[in-house]
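The values are calculated or read from the model by the stated rules, or taken from the named source; none is laboratory data. For clarity, every value in this text was computed on a predicted model and none was experimentally measured. Don't worry about glycine lacking a Cβ; one is built from the backbone with ideal geometry, like all the others, and counts go over all protein chains shown.
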Amino acid sequence: MRQENDVEKSVRTLRARAPDDAAELLARESPEFIRDVLKLLPDTHARKVAEHLPPDMRPIKPHSDGKDIMVPGSVVELMDPIPASVPVGTTVAAAVEAVRRAQVPTELTYLYISDEGDKLVGLVVLRDLMLSEPAATVDQIMLPKPFALHVDMPLGEACKAAVRRHYPVYPVVDVENRLLGQVRGWRLFEQQIIEISAQPGQMVGVQKEERSFTPLFSAFLKRHPWLQLNLLTAFMAAFVVSSFTGTIEKIVALAAFLPVLAGQSGNTGCQALAMTLRGLALGDVDKRPKLHLILREGVLGIANGVLVGLVAAAAMWFYASRQPESASQAPTLALVILLAMSGSCLMSGISGVLIPLGLRRVGADPAVASAIFLTTVTDIVGMGLMLGLATMLVP
């Protein structure tokens with residue numbers, strides 16, 4: 001167990017460090033050591049350091065009554081203390097005085113109104129407070145029953161709420177509507193940016209919790225299982241190709257166009273996947289029927305597939321006509337490429353929607369390794385379709 005002087009030494013060191021640098025150093029320690037150090041750091045600095053720690057290393061934040069209220073990944077991770085609040089019935093003059101007594105008056109956006117049980121009743125915009133008669137009460141000028149974030153609300157849901165409302169500050173309450181703190185809108189948007197920026201890595205099996213200072217062995221354990229899964233799916237695509245060995249040996253020109261087909265259908269699917277993940281992150285997907293989204297990406301897929309397929313078909317016709325063994329088959333091979341490209345892009349577009357929606361349906365993170373599953377589908381469908389059509393149509 002760490003000695004007390006070790007903790008104090010670390011506190012002195014971390015006080016002089018930027019929050020991200022302090023978090024990088026602290027992430028190498030045990031959870032107990034991290035908790036002890038953060039308790040001794042100034043509240044503001046400790047909170048900023050904790051924000052840069054991986055989620056599984058962030059300590060529980062205690063409520064004022066001693067009970068833990070931290071739910072990993074919830075809005076409480078971004079919560080600040082209430083700067084000022086007054087009870088129902090307070091006069092405007094007394095409320096203005098309460099604002100003046102606040103620790104940091106410049107950070108006030110709203111004055112919160114609560115009842116005897118500290119339950120949120122309303123809020124007052126400071127401009128309205130300053131322009132009201134001193135003898136009036138806050139009940140007369142407050143906005144009653146304001147929208148509030150629940151303390152256990154996942155950050156993703158809170159970000160979606162912020163996107164639709166655009167409030168500068170959001171109060172945070174518990175199940176009994178007791179006022180616990182507030183979250184600033186810009187911090188939710190910052191979190192949304194972090195979530196969206198993490199999606200490219202998640203699509204290939206890099207967890208969003210992984211940072212540049214994540215321990216090497218921990219990063220290895222997070223990444224390697226997805227590479228094994230990718231290897232398994234690659235074997236599935238290889239099995240499909242091996243089933244048509246005779247066709248490939250007979251029509252060598254097809255081998256040159258396998259990577260072309262895989263690349264185009266894969267890109268089409270990734271476009272649909274990126275739009276679906278963005279829609280899930282922003283809450284757009286739930287605003288319309290899922291069938292509409294599937295049909296939309298399917299239409300885009302087939303349209304792009306036909307246009308790209310025409311160019312690829314022309315290239316196949318040109319290439320095959322110059323090969324003595326396949327010159328007579330050039331028109332048929334061009335048709336195979338056109339049909340295969342159109343069909344594979346159609347399936348890729350639809351898969352780019354169905355895969356993340358399916359992962360969410362079973363309770364998994366839609367962004368995690370979506371690209372691995374998408375690549376499997378596009379390779380199997382695309383290569384299988386092209387080789388199958390060639391087997392049936394080319395004499």
Report task. Pull up region 226-242, narrow it to residues that are farther than 22 Å from residue 258 by Cβ and in contact (Cβ under 8 Å) with a residue 12 or more places away in the chain, then point me to the one that is surrounded by the most Cβ atoms within 10 Å (Cβ to Cβ). Result -> 226
Requested in this report: Report those strands (runs of 3 or more DSSP E) wholly inside region 76-178 carrying at least 3 residues which are buried (at least 19 other Cβ atoms within 10 Å of the Cβ).
Outcome: 110-114, 120-125, 169-173
Requested in this report: Return a yes/no flag: does region 360-370 have any residue that is under 16 Å from residue 253 (Cβ atoms), assigned by TED's automatic domain parsing to the domain that holds residue 223, at pLDDT below 90 and of a type in the set (A, V, I, L, M).
Outcome: no
**Report entry** Filter result (within 13 Å of residue 87 (Cα to Cα) and not β-branched (Val, Ile, Thr)) within region 103-139
**Finding:** 111, 112, 114, 115, 116, 117, 118, 119, 120, 122, 123, 139
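Within region 351-394, how many residues turn out to be under 15 Å from residue 285 (Cβ atoms) and either of a type in the set (A, V, I, L, M) or surrounded by fewer than 24 Cβ atoms within 10 Å (Cβ to Cβ) (or both)?
Of the residues in region 351-394, the ones under 15 Å from residue 285 (Cβ atoms) are 352-361, 365-367, 370.
Cutting the leftovers down to either of a type in the set (A, V, I, L, M) or surrounded by fewer than 24 Cβ atoms within 10 Å (Cβ to Cβ) (or both) gives us 353-355, 357-361, 365-367.
The number of residues fulfilling the criteria is 11.
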Query raised in the report: Within the set of pairs 6 or more residues apart or between chains, which connect a residue that is within 20 Å of residue 283 (Cα to Cα) inside region 162-174 to a residue that is assigned to a loop (DSSP other than H, G, I, E, B) and modelled with pLDDT of 85 or more with Cβ atoms less than 8 Å apart?
Result: 165/147; 167/147; 170/147; 170/148
**Report entry** Residue in region 259-279 that is nearest to residue 299 (Cα to Cα), counting only those that are surrounded by 21 or more Cβ atoms within 10 Å (Cβ to Cβ) and among the hydrophobic types (A, V, I, L, M, F, W, C)
**Finding:** 272
Query raised in the report: Hey, any hits in region 212-227 for a residue that's over 23 Å from the mean Cα position of the chain (by Cα), at pLDDT below 80 and either of a type in the set (Ser, Thr, Tyr) or more than 30 Å from residue 329 (Cβ to Cβ) (or both)?
Result: yes
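Yes/no matrix, rows are residues, columns are (1) part of a helix (DSSP H, G or I); (2) at pLDDT 85 or above; (3) among the charged types (D, E, K, R):
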residue	(1), (2), (3)
249	yes, no, yes
268	yes, yes, no
274	yes, no, no
280	yes, no, no
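Of the residues 56, 20, which single one is loosely packed, with under 13 Cβ neighbours inside 10 Å and either modelled with pLDDT under 80 or touching a Leu at 6+ places or on another chain (Cβ under 8 Å) (or both)? Outline the logic, then answer.
Values: 20 fails: loosely packed, with under 13 Cβ neighbours inside 10 Å.
Just a single option satisfies the conditions, and that option is 56.
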Requested in this report: Among the candidates 346, 295, single out the residue that is among the aliphatic types (A, V, I, L, M), surrounded by fewer than 22 Cβ atoms within 10 Å (Cβ to Cβ) and at pLDDT 90 or above.
Outcome: 295
